[in-house]
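Enquirer: Got a structure here, written out as structure tokens. Questions coming.
FYI, it's all coordinate maths here, none of it is from the lab. Computed from a predicted model, the values in this text were never measured in an experiment.
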Amino acid sequence: MALLAEKWQDFIDWCRSPCIPYRKFGEGGDVESSNKKLYAALAAEFLGMLLFALYGGEARDSAAAYGNGLTLAILVYATANISGGHLNPAVTLGTMISGHLPWRRGLLYMLAQFLGGIVGVLFQVALIPDAHVDMGNEGPGCFTHLGGKFIRVDQLFGWELVMTFLLVSVVFAVAVSKPGHGNIGPLAVGYTLFASAFIGGPLTGAALNPARVFGPALIYNCYWNTAFVYIVVEYLGGAIAAVLALMLYGPGPEHDGGHEADLLAVQMAGQGSGGSGAAAKGERQGLINVAANGSSSGSQWNPRFG
């Protein structure tokens, strides 16, 4: 384990000279670390996942891709300024690995997401006719590779790996890297899920989200034989996307890196206008204000917030 930890640290150090440097918001991690902020973020992840499970699970057949993609985009918009709008344990794991979210906070996010997914399915039981606990493989929102085109488990593994990798990579591209895509970022994430569900839905159901798989499997007792295949491969897809993001954008603030290049640029820009320290401090504070208030139409959605 010590050797593995040493090699991982060597890799993080190598990533400190990224292809596309990451500009972080704030200094030393979260913009706001108070318990009140954390509770609000966890509540946002819980409620967002609850609604995603409720809406997405009932979107069926030809409406599934549209319903899930649009719902995800809306819910990410709704939660982005509170928690960062993860709504997916694979996304959360990715930001933990890349250093844009503390591990402790990330694990709490995952707990909130899984609980939200479970409660969302319980809402389905209460609101959808004929739905009931322990109804088996006919439960709404149950994921299987046998629902449309019959594919093998290894093909299920490959499709979910590629689709989850794409989803988490888009999150890094539109929300973590600079210049990013501002407030259209959540829409890009929703479109990514739509595209994956449109293409991969007939093959695997296009889950791309461990919490969306676990909730129905637990409440309806459906497809347990492949549920953990979905969950493991989706985490793996998020992890691979995070490692690629580390190489492209550099490590985040939780790795004590990811800001040296941009800080140097700010210092150089500040020469002759109040000193480099003042310029860097002002730049960081301006980014924090934009992120916290969401008052600028060009502000950057960032899944590290919360």
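Enquirer: Please turn the phi angles of the stretch 68-74 into ³J(HN,Hα) values with the Karplus equation 6.51 cos²θ - 1.76 cosθ + 1.60 (θ = phi - 60°), one per residue in order, whole Hz, x for glycine and proline.
Expert: 6, x, 5, 4, 4, 4, 4
Enquirer: Return the sequence-ordered ³J(HN,Hα) values of the stretch 115-121 in whole Hz as given by the Karplus equation 6.51 cos²θ - 1.76 cosθ + 1.60 applied to θ = phi - 60°, using x for Gly and Pro.
Expert: Here the 3J(HN,Hα) series is 5, x, x, 5, 5, x, 5 Hz.
Enquirer: Averaging over every viewing direction, what projected area does the convex hull of the Cα atoms of the stretch 32-251 cover, in nm²?
Expert: Numbers: hull surface 44.5 nm².
Result: 11.1 nm².
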